[in-house]
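Asks: Would you mind keeping the following structure in view while I ask a few things?
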Amino acid sequence: MARKRKENAIFSLSFLDCICCGFGAIILLFVISMGANNPIIRGMKMSLEKVIAERLAMLSDYRSTKELLAKQMISDQERLDFLAAQIDEMKSMLAELEMQFQQYQAGKDGLLVDIEAIMAEIAAMQKEADLPQETDLPIGVSVENNYLAFVLDTSGSMRDPNSGYMWPIVVSKIGDVLEAYPLVDGIQIFDADGRNIIGGRNQWLPDSPEIRERIKWGVRRYGVFSNSNPVPGIIKAIRTLNRPDDPDMDMGVYVFGDEFTGTADNVLRRIDQLNPEDEEGNRQVTINAIGFPNVIRYSFSMGQTGLKFANLMRELTYQHGGAFIAVND
């Protein structure tokens, strides 16, 4: 009897456990289902989702701002590097200008001495040029050429600042040269850059009184400003007008100017190639030059461009059988 009662007690306890668990599960399901439909919980859930969305949007904005700031920092750094390079370049330029200014200051006394020396040389050359000739030429050059080409510096220093026209003395000296050649086979005139002043591009103009007057009038009224460097005009005249295969051609070039800004050695070498010596040491083209002391007299330039012109023309005319004469009027 006792053993049977014990088995019934165990069965009763297990059954109650199952009943309790099932009941608890039902209550839990009920609580969960009740909470999902609760307006308060739904409102809290929506608010929480809204806050999360706002925080995510803010995080995205922060990331975008971070990327923008990073790009801006890179751009600013590049600009700083560029400005630093410019500052270094400007410092270098300033140092170079200071050195040039010091050289200019140191060379002022030497420049005055050079001017006096070159004026003395010019005076000596003018005395040497006073030899008797078949034709009276005031500027002291020979008159053996049968073709004449003029190369004229038409920059501002060769002009009257009041009228803008060429200085009357320039026109007068061109007239003197023309009068020294009563008759030639051809005439042409270029500015320092190689432009034709009165036409006849790359061709000789026939000599006549009308052409001579036209040259003087054209020079007087010529309105194109050239560079202060007659070398391009000299090269243009020799290259386009000279005929090396014509034994009867005796071409003369007359350079009118007051400044030169280049390097003499390069010019002498280049023109020597265009007008080489023959076996006897003669050249087909004779080069003469007329120098005007406008730069030195009126201080148009702080450099030595006037002296450089005189030195170049003196050597160039010597090598090419001509003469360099300076005008003191």
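The values are calculated or read from the model by the stated rules, or taken from the named source; none is laboratory data. This one's a predicted model, so the numbers in the text were calculated from it and none came from an experiment. When we count neighbours, we look across all protein chains shown, and the Cβ atoms used for this are built from the backbone with ideal geometry, even at glycine.
Asks: Which ones in the stretch 184-210 are of a type outside the set (Asp, Glu), buried (at least 16 other Cβ atoms within 10 Å of the Cβ) and not in a loop (DSSP other than H, G, I, E, B)?
Replies: Scanning the stretch 184-210 gives GLY186, ILE187, GLN188, ILE189, PHE190, ASN196, LEU205.
Asks: When the residues of the stretch 309-329 are narrowed to those that are surrounded by fewer than 21 Cβ atoms within 10 Å (Cβ to Cβ) and at pLDDT below 90, which ends up nearest to VAL151 (Cα to Cα)?
Replies: Step by step, filter the stretch 309-329, then rank; the result is VAL327.
Asks: Still on this structure: Show the residue pairs meeting these rules: Cβ distance below 6 Å; 6+ apart or different chains; first residue within the stretch 145-170 and over 20 Å from MET313 (Cβ atoms) and touching a residue at least 40 places away in the same chain (Cβ under 8 Å); second residue acidic (Asp, Glu) and in a loop (DSSP other than H, G, I, E, B).
Replies: ASN146/ASP185; ASN146/ASP250; TYR147/ASP185
Asks: So if I check each of SER226, SER163, which one is within 31 Å of the chain's Cα centre (by Cα), assigned by TED's automatic domain parsing to the domain that holds ILE290 and crowded, with 18+ Cβ neighbours inside 10 Å? First the steps, then the outcome.
Replies: On the way: SER163 fails: crowded, with 18+ Cβ neighbours inside 10 Å.
Exactly one residue qualifies, and that residue is SER226.
Asks: Look through ALA237, ALA264 and report the one residue that is buried (at least 21 other Cβ atoms within 10 Å of the Cβ), under 19 Å from PHE324 (Cα atoms) and under 30 Å from the mean Cα position of the chain (by Cα). Quick ask: steps written out before the conclusion?
Replies: On the way: ALA264 fails: buried (at least 21 other Cβ atoms within 10 Å of the Cβ).
Of the residues listed, the single one that is buried (at least 21 other Cβ atoms within 10 Å of the Cβ), under 19 Å from PHE324 (Cα atoms) and under 30 Å from the mean Cα position of the chain (by Cα) is ALA237.
Asks: Out of the residues in the stretch 251-261 that are more than 23 Å from the chain's Cα centre (by Cα) and not β-branched (Val, Ile, Thr), which is modelled with the lowest pLDDT? Show your work before the answer.
Replies: Residues of the stretch 251-261 that are more than 23 Å from the chain's Cα centre (by Cα), as a first pass: 251-258.
Still in the list and also not β-branched (Val, Ile, Thr): 251-252, 254, 256-258.
On the way: MET251: 96, GLY252: 96, TYR254: 97, PHE256: 97, GLY257: 94, ASP258: 90.
Taking the candidates together, the pick is ASP258.
Asks: Kindly indicate which of SER60, SER12, SER33 is hydroxyl-bearing (Ser, Thr, Tyr) and modelled with pLDDT of 70 or more.
Replies: Working: SER12 fails: modelled with pLDDT of 70 or more; SER33 fails: modelled with pLDDT of 70 or more.
Matching residue, one of SER60, SER12, SER33: SER60.
Asks: Surrounded by fewer than 10 Cβ atoms within 10 Å (Cβ to Cβ), at pLDDT below 85 and in a helix (DSSP H, G or I): which single residue out of GLN126, GLN105 fits that description?
Replies: GLN105
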